[in-house]
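Down below is the structure, laid out as structure tokens.
A short reminder: the numbers here are calculations on the coordinates, not readings from a lab. All values reported here derive from a predicted model rather than from experimental measurement. When we count neighbours, we look across all protein chains shown, and the Cβ atoms used for this are built from the backbone with ideal geometry, even at glycine.
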Amino acid sequence: DVKVTQSSRYLVKRTGEKVFLECVQDMDHENMFWYRQDPGLGLRLIYFSYDVKMKEKGDIPEGYSVSREKKERFSLILESASTNQTSMYLCASSPVPGQGNTEAFFGQGTRLTVV
Amino acid sequence: DAKTTQPPSMDCAEGRAANLPCNHSTISGNEYVYWYRQIHSQGPQYIIHGLKNNETNEMASLIITEDRKSSTLILPHATLRDTAVYYCIVRDYNTNAGKSTFGDGTTLTVKP
């Protein structure tokens, strides 16, 4: 079974802390993504990566950074957590477009609360 | 990617077919229709996709109208575990799957 695994299901952090959210996929996918999901706003793309050490900003990158040192791992970093970053964070991976079934595979999500 | 319109919510009796509609009147010729669902507190899960022919897999059937301006996802025998938010997405096959636009979807509630 294909898998995208996020390191934590629930996380509580204090304002100003540096927060790392980890995501690992076992499908050898080139592309990985980080989203946040908030009620009434749907899924919003924060950052994505199409190769090791490559990244591109999504729709809402402010306050976030990412790291992809290995193909299977994509980390989301909140440099200084703020209460408005309280949200559900979702990681996904997908193969290169056009190669077979180009569905996206999602992790279980991390519900982050910043207090 | 083309915009989609879905009803915000629907109910279905357990064991009956659930028919979830989606309008995508601005779909272009090289765009596919994808369906995902998201069960509470989990990540979205791919269900099915199609271009213009009807499609069926072990989870659902997808019916796309001849003009491709709308589609219907059919869950033939809905169970309580099918209660979820269902997202209809239209996307060019060569566009990265992770850059799909997930709107508000349809919240399907399957009732005993």
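Specify which residue in the list B:ASN57, B:ILE89, B:GLN42 is farthest towards the positive end of the charge dipole of chain B, using unit charges on the beta carbon of Lys, Arg (+1) and Asp, Glu (-1), about the Cα centre. Working it through, the farthest residue towards the positive pole turns out to be B:GLN42.
The calculated FRET efficiency for the pair A:GLU69 and A:ARG9, based on their C-beta separation and a Förster distance of 22 Å, comes to about 0.40. On full extension, the segment bounded by B:ASN19 and B:TYR93 gains 24.2 nm, given 0.36 nm per residue less the C-alpha separation. Look at the stretch B:39-47: the mean tally of other chain Cβ atoms within 10 Å of its residues' Cβ atoms is 5. Sorted into 5 angstrom bins from 0, the C-alpha pair distances of chain A split as 2, 13, 23, 26, 19, 10, 4, 1, 0 percent.
The Cα-based radius of gyration of segment A:9-57, divided by its Kirkwood radius, gives an Rg/Rh of 1.01. Paramagnetic label reach from A:SER80 (point 7 Å along Cα→Cβ; backbone nitrogen cut-off under 17 Å): within segment A:3-31, residues A:14-20.
Annotation: the protein assembly as shown has a Kirkwood hydrodynamic radius of 18.1 angstrom, from the mean reciprocal C-alpha pair distance.
Of the cross-linked pairs A:LYS3/B:LYS111; A:LYS13/A:LYS55; A:LYS57/B:LYS3; A:LYS13/A:LYS53; A:LYS3/A:LYS71, those separated by over 20 Å at the C-alpha level are A:LYS3/B:LYS111; A:LYS13/A:LYS55; A:LYS57/B:LYS3; A:LYS13/A:LYS53. Under 17 Å of direct C-alpha separation, and excluding same-chain neighbours fewer than eight residues apart, A:LYS70 reaches these aspartates and glutamates: A:GLU22, A:ASP26, A:ASP28, A:GLU30, A:ASP51, A:GLU56. Counts of other chain beta carbons within 10 angstrom of each beta carbon in peptide A:102-111 average 6.
Scanning residues 5 or more positions from B:GLU14 or on other chains, those with amide H under 5 Å from its amide H are B:LYS111, with H placed 1.01 Å from N in the peptide plane.
In a reduced charge model with +1 at each Lys and Arg Cβ and -1 at each Asp and Glu Cβ, segment A:1-97 shows a dipole moment near 260 debye about its Cα centre.
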